[in-house]
Amino acid sequence: MAELDNGEMIACRVKGKFRQRNLRSTNPVAVGDWVGIEGAEGEWMISEIEERYNYIVRKSVNLSHESHIIASNLDKAILVATMKSPTTFPTFIDRFCLAAEIFHIPVAIVFNKVDLLDRDERHVLSDFMTTYSHIGYETIACSVITGEGLDQLSAILKDQISLLSGHSGVGKSSLINAIDPRMNLRIGEVSAAHRTGQHTTTFAEMHRLAIGGYIVDTPGIRGFGMVDINKEELAGYFPEMRSLLPNCKFYNCLHINEPGCAVKKALDDGFLSPTRYNSYLSMFNNDNEETYRT
Ligand code: GDP
Ligand code: ZN
């Protein structure tokens, strides 16, 4: 389906030549692409795809070296996280941020269900949010129950194309319904794609918001999927570490236990968040199957 400038939706086929041009991708046209169409009523064809501003890809699980472009031209990557019911762990948040850095998409982190937190937990969350806002990531504390933060969330969604991710059960559908009641997304339902595991085709859906803008939803993927990255490059995708790297004594410092490491010094001096450094280590050590899986 393609949407015309006037908002009308039309069904289109893809012109044959694209099928060859982008050989390594299993899909020539992705959700979010700006396309040119030609033809006539009933037989529209996509004849042109504008250069993508950014895109997220998923490698196929087999070894065919093909990748699947999940979505393109995203203004924002929003992660909905919760401190409890369910718990979103910092390593998951940081893997999401890493993938967004790699794909060149600005990050916003929405901490939902804050109505469930007591005063102490609220303080912990507030400190945690400060860590991310200092890095340059937008953060919002939200509750669908009390309405807290929903205006802020509307403001960051308005007129933007936003990828919305997060564990199942964190309240993604509830938040969108609260902002746009017409949407009427199913709440508390585990999608069929989720249940059948990783061999399902990954796809994205785009929903238009009444306030302006679109939500891109990727059923069946909790975050971005896998991203490939060298250990040597990893620290460069942590924005708060990036500026420290030239100060390490060794140009090939991996920031583990080398002498004269500026990253370790910043950690010791309290300028680098221990949870962020811990995520760095966990990704670096490749110590579980989920490394780089976001
Ligand atoms: P999704 O899987 O991320 O789309 O999550 P849902 O929107 O389906 O919500 C999962 C459950 O969390 C539902 O039972 C919601 O009613 C509940 N929920 C959503 N937002 C909030 C919130 O802000 N506070 C509380 N206490 N529960 C919420
Ligand atoms: Zn170092």
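A short reminder: the numbers here are calculations on the coordinates, not readings from a lab. Model, not experiment: these values are computed from the prediction. Every residue, glycine among them, receives a Cβ derived from its backbone with ideal geometry; neighbour counts consider all protein chains shown.
Odds and ends about this structure:
- Distance between the 7 Å Cα→Cβ label points at GLU232 and GLU148: 4.7 nm.
- Rg in Å to one decimal, and Dmax rounded to a whole Å, for segment 61-134 via C-alpha atoms: 15.4, 52
- Straightening the chain between ARG182 and ALA40 buys 47.9 nm, computed as 0.36 nm per residue apart minus the Cα-Cα spacing.
- Mean shadow area of segment 101-174 over all directions, Cα convex hull, nm²: 5.6 nm²
- The protection proxy used here, the mean number of other Cβ atoms lying within 10 Å of each residue, ranks peptides 171-181, 121-131, 250-260, 69-79 as follows, highest first: 69-79, 171-181, 121-131, 250-260.
- Rounded to 5, percent antiparallel among DSSP beta bridges of segment 1-155: 45 percent
- Taking the average, over residues, of other Cβ atoms within 10 Å as the packing measure, peptides 113-120, 91-98 rank 91-98, 113-120 from highest down.
- Gained length - PHE89 relative to LYS158, 0.36 nm times residue gap less alpha-carbon distance: 22.0 nm
- Annotation: amide H-H contacts under 5 Å for SER25 (H modelled 1.01 Å from N, sequence separation of 5 or more, or interchain): SER67.
- Here the extension length gained between GLU8 and LYS265 equals 86.9 nm, from 0.36 nm per residue of separation less the Cα-Cα distance.
- Distant-in-sequence amide contacts of TYR53, defined by a placed amide H-H separation under 5 Å and a gap of 5 or more residues or a different chain, comprise ASN73.
- Proximal charge balance of PRO274 [Cβ under 15 Å; K/R count +1, D/E count -1]: -2
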